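The values are calculated or read from the model by the stated rules, or taken from the named source; none is laboratory data. Note that the structure is a prediction, hence the values are computed from the model and not measured. With ideal geometry, Cβ positions are generated from the backbone for all residues, glycine too; neighbour counts draw on all protein chains shown. Surface accessibility is based on the protein's heavy atoms, side chains included, excluding ligands, DNA and RNA. Shrake-Rupley method; radii C 1.70, N 1.55, O 1.52, S 1.80 Å.
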Amino acid sequence: MTALLELKQLYKHFGGLTVTDHCDFEVQPGEIHALIGPNGAGKTTLIAQVSGALAPDSGHITFAGRDITRLSMARRVRLGLARTYQITNIFDGYSVLDNLALSVQARSGSSFRFWQPVRSEATLFNEAAAIAEQIGLGSRKDVLAGNLSHGEQRQLELGLALASDAKLLLLDEPMAGMGMDESGRMIELIRKVNQDVTILLVEHDMDAVFQLAHRISVLVYGNIIATGAPEAIRANADVQRAYLGEESYDNATA
């Protein structure tokens, strides 16, 4: 199978500090691929290069068969590569439905003017309402985004990404700041979204990672030290030493 996303010998340094060390990495179509690693491993820098927020010093990034190494973030989004917080500027003073309709409009090129009400656009309204139902906010579609809970705002971010018609969604710690119940709902939502979109997940919640991921890659000091199914990662001694540690490993597999 041809990879949807492929990184070849990606390298990035800041002064004398190498943060991405000739990294090879790929994401297959349809999977949830988790990228994990200790603090300072280089996850944020790697994802920033994939999204276009940072340019690598060398190496190549291929997406859907196209070299995107030097493309802007906006061009990557138009090709279908979306990172939630980069493409999902939630407007607190607008309802859930209007936020979603604006995202649909940005992708579809509808003729309505940005600061005018969008509900007169039946197609936008209908698609936005369908997405609200898909992400579990159907009953909250008329609530101002600024009045949503933290977990609901993260749900809306996923909805906005779906409205952009993304092929690959970069999720950067979607469970951050959530309690157990909210995390559980987000896990189910990510599974649901994955029916339509390939996902690259960066997450510190190991319970969520092992529940969601089809494959896991472990990044340590800018290098991928292991890639495999969750069972293989659990059993990998190098991963246990470098990232999980004995105590964390036991908790993750309990």
Scan segment 38-53 and give yes if some residue there is of a type in the set (S, T, Y) and under 14 Å from A166 (Cβ atoms), otherwise no. yes
Need a quick list: helices (runs of 4 or more DSSP H) entirely within segment 20-101 having at least 2 residues that are of a type in the set (K, R). 73-79
For segment 209-227, name all the residues that are on the phi < 0 side of the Ramachandran plot and out of contact with any helix residue (DSSP H, G or I) (no Cβ under 7 Å at 6 or more places or on another chain). V209, H214, R215, S217, N223, I224, T227
Would you mention how many residues in segment 170-208 are open to solvent by 50 Å² or more (accessible area, probe 1.4 Å) and either assigned to a helix (DSSP H, G or I) or of a type in the set (F, W, Y) (or both)? 7
For L124, which of the numbered conditions (1) open to solvent by 50 Å² or more (accessible area, probe 1.4 Å); (2) under 14 Å from L160 (Cα atoms); (3) modelled with pLDDT under 90; (4) among the aliphatic types (A, V, I, L, M) fails to hold? (1)
Candidates A3, A55, filtered to the one that is small (G, A, S), open to solvent by 30 Å² or more (accessible area, probe 1.4 Å), in contact (Cβ under 8 Å) with a residue 12 or more places away in the chain and under 20 Å from V77 (Cβ atoms): A55
Which numbered condition F63 misses (of (1) open to solvent by less than 30 Å² (accessible area, probe 1.4 Å); (2) at pLDDT below 95): (2)
Return the pairs, sorted by first residue and then second, in which the second residue is among the basic types (K, R), the first residue lies in segment 156-182 and is at positive phi, the beta carbons are less than 9 Å apart, and the residues are 6+ apart or on different chains. D165/R107; G177/R154
